[in-house]
1. If the requirement is being in contact with a Cys (Cβ under 7 Å, 6 or more places away or on another chain) and among the aromatic types (F, W, Y), which of these qualifies: Y67, Y77?
2. Filter the range 5-38 down to the residues that are touching a Phe, Trp or Tyr at 6+ places or on another chain (Cβ under 9 Å) and part of a loop (DSSP other than H, G, I, E, B) and list them by number.
3. Would you point out which residue out of V19, V14 is modelled with pLDDT of 85 or more and either aliphatic (A, V, I, L, M) or within 30 Å of D229 (Cα to Cα) (or both)?
4. Which residues, taken from the range 318-347, are at pLDDT below 90 and either closer than 25 Å to K218 by Cα or not in a loop (DSSP other than H, G, I, E, B) (or both)?
5. Going by what's in this entry, would Y76 be described as among the aromatic types (F, W, Y) and modelled with pLDDT of 95 or more?
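The values are calculated or read from the model by the stated rules, or taken from the named source; none is laboratory data. Every value quoted in this text rests on a predicted model; they were computed, and no experiment measured them. Neighbour counts are summed over all protein chains in view; Cβ atoms, including those assigned to glycine, are modelled from backbone coordinates with ideal geometry.
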Amino acid sequence: MAKTVKLADIAERVGVSIVTVSKALSGQKGVSETMRSRIQAIADEMGYKQPGAYRREMEEARKMRGYNLGVLIADYYLGKYESFYSQMYQQFATRAGSKGCFCLLELVSREQEEEVRVPMMLSEKRVDGIVVIGKLSDSYLKMLSDSGIPMVGLDFYTRDDKLDSIISDSYFGGYRMTNYLIDKGHTQIAYVGTIGATTSITDRYMGYLKALNEHGIKQREDWIIDDRDPVEKILDESNIKLPEKMPTAFMCNSDQTAGMLINILERAGYKVPRDISVAAYDNFLPPGICDVRITSYDVDMKEMAKRAVSMITHKIAGESYKQGTYIVGGHIIEKESVRETKLRPLDD
């Protein structure tokens, strides 16, 4: 490794004091132009870099090559099927690549999350900023925040106003999809999704409640159906239990949940949508789950990825950006899982 050139080395070579060299290189008065030129020439010849120059050069080089962006996802969000979050990561990586940035994905195990262990990409200083896809525990997010690295949340938010986030419009989407079912004549509608498991599931449930309330429809506790364990958060058919009194329609927090529900309904002798209608949120169904094309609220993953890349790169560069939580809207995609029905009187 080459020896770092110091002011004393230049002073000795030129035959002047360190103070004279310092003044000459920093542009201060008290040094003739002839001497200043000579000192600068010797400094250049010796490979001297002024304090901060290396850092500035590295920053300029980084801007030219783009940033290294770390992406963290809890491994329990990636099930046996191709997941919504794997697709979101692909959208994010594609967008980041188009901006000259490199993405590094790291999965966070449940043990690592519980023990609040620093991710390898952070401990080894491999990345300039981090995007977290899907909610991690508050203690884990605090550890990341306390590290000082620029960070953005994708598809979740927290009570911490320091965390900038990009989310889909879960509340309004849940509201619109429930209203869609009501407009089709359904007044007995169940909600499928474990409340509190994620912020998005809860927000979609709150939208569902708003729609029921506006139409004077009373909520039934037995029509709020879990689809995953609230702690493990792993989505599985075994968690979905049909109620004794069946509704005419189900509003599901995701297409994957809806696909599993449809399988359960068909095994129980029901046909979708002939007997029961099913609507969902996110318009993303991994292949192989069910054959019914599900009516759903489409999530604009491409726009969410675009906003996330813009936000994290602006944070890294120290540039101004819109802080807080950015909500990306969507729209209803009609397929074949919902049918219009005649209004039935409500049962208590």
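1. Values: Y77 fails: in contact with a Cys (Cβ under 7 Å, 6 or more places away or on another chain).
Matching residue, one of Y67, Y77: Y67.
2. To start, the set of residues in the range 5-38 that are touching a Phe, Trp or Tyr at 6+ places or on another chain (Cβ under 9 Å) comprises 5-7, 9-10, 25.
Hits for the range 5-38 are V5, K6.
3. Numbers: V19 fails: modelled with pLDDT of 85 or more.
Being modelled with pLDDT of 85 or more and either aliphatic (A, V, I, L, M) or within 30 Å of D229 (Cα to Cα) (or both) holds for just one of V19, V14, which is V14.
4. If the condition is that a residue be at pLDDT below 90 and either closer than 25 Å to K218 by Cα or not in a loop (DSSP other than H, G, I, E, B) (or both), then T341, K342, L343, R344, P345, L346, D347 are the ones that fit.
5. Working: among the aromatic types (F, W, Y): yes; modelled with pLDDT of 95 or more: no.
Against the criterion (among the aromatic types (F, W, Y) and modelled with pLDDT of 95 or more), Y76 does not qualify.
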